[in-house]
């Protein structure tokens, strides 16, 4: 596989060949930063963990520069932090038994630049090799600019695939904005209860972020628990850990759909739901 990124890091945890690791991939995450995959795509990691017929792979698009830091990392330069974060992501890939971990190492500025075609070109090259059945992305209503840009670059790449090679499901998952606001009949509900020890280990390995001042490990697990608890008010919980996602499959199947309109339409339906509920009792 040829990538345009000169700094790309490719890691196959179990010693298989790169070609084999790509081709056996069934579930693929395309995320902006190191640890995003472990936060939003745990459903896919757990579904493939310990299986020989399903394999999870991860793509990290940016180089990890610019993250907040304190403690032992407070004096680290951006270059040192990049190396630390690459190493942490490799450790996560080993813990989660990923088929392959690819880190493209683009600066955020390139991801956010619509004219920088090499980003979507590299994502397309990976998709063409893996042909995954399920793809996990950021959701387009996220409030982090790089996350939003990353999902746009990924959708651009997915739309370039021949129809027969497009995934059956594409999910836009929650990181820097919860998706509990989505109308319930529009939520893609992704179970995340299995292998809790693995879930904790995957998040805990990113010490540069946790010691650096952000308890993503506690927050991500807590959100999943809250999603499960507050999902259905009149039913007992069938699952104690859930990740919510937007179903973005339609955006990939129909290249004419506007990503902005698709997202704002969901917000408008939520607005109408709130308004009608209030009016019903007023």
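Values quoted throughout were computed directly from the atomic coordinates according to the rules given, and no laboratory measurement underlies them. A quick note: this is a predicted structure, and the numbers were derived from the prediction, not measured. In this analysis, Cβ positions are derived from the backbone assuming ideal geometry, glycine residues included, and neighbour counts consider all displayed protein chains.
Sort 244-252, 77-85, 39-47 by the packing proxy (mean of other Cβ within 10 Å over each peptide's residues), most packed first.
The packing order, highest mean first, is 39-47, 244-252, 77-85.
Would you please classify the overall shape of the range 9-255 from the alpha carbon gyration tensor, given that a ≥ b ≥ c denote the square roots of the eigenvalues, rounded means a/c under 1.5, and beyond that prolate means a/b larger than b/c while oblate covers the rest? Walk me through the numbers before you get to the answer.
Working: a/c = 1.28, a/b = 1.05, b/c = 1.22.
Rounded shape, in that the Cα axes give a/c under 1.5.
Using 0.36 nm times the number of residues separating residue 109 and residue 181, minus their current alpha carbon distance, what extension gain do you get?
Here the segment from residue 109 to residue 181 would lengthen by 22.9 nm.
Once label points are set 7 Å from the Cα along Cα→Cβ at both residue 163 and residue 232, what is their separation, rounded to one decimal in nm?
About 3.6 nm separates the two model spin labels.
Shape call for the range 89-200 from the C-alpha gyration tensor, a ≥ b ≥ c root eigenvalues: rounded (a/c under 1.5), prolate (a/b greater than b/c) or oblate?
rounded
Could you identify which residue out of 226, 192, 157 has the top mean-square fluctuation in a GNM of the chain using Cα springs shorter than 10 Å?
Evaluated over the chain, the most mobile residue of the options is 226.
In percent, how large is the relative contact order of the range 9-255, given Cα pairs closer than 8 Å and 6 or more residues apart?
It rounds to 24 percent for the range 9-255.
What does the helix-only formula give at 222 nm for the chain: each DSSP H stretch with n ≥ 4 adding -39500 (n - 2.57), the total divided by the residues, and the result rounded to the nearest 500 deg cm²/dmol?
About -13000 deg cm²/dmol.
In the Gaussian network model of the chain, springs joining C-alpha atoms below 10 Å, which of 242, 127, 218 carries the largest mean-square fluctuation?
For the chain, modelled as a Gaussian network with Cα springs under 10 Å, the answer is 218.
Residue 259 to residue 75: FRET efficiency via 1/(1 + (r/R0)^6), r the Cβ-Cβ distance, R0 35 Å, to the nearest 0.05? Numbers along the way, then the final one.
Numbers: r = 40 Å, r/R0 = 1.14.
So the FRET efficiency works out to roughly 0.30.
Taking the highest mean first, how do the peptides 183-190, 93-100 order by number of other beta carbon atoms within 10 angstrom per residue?
93-100, 183-190
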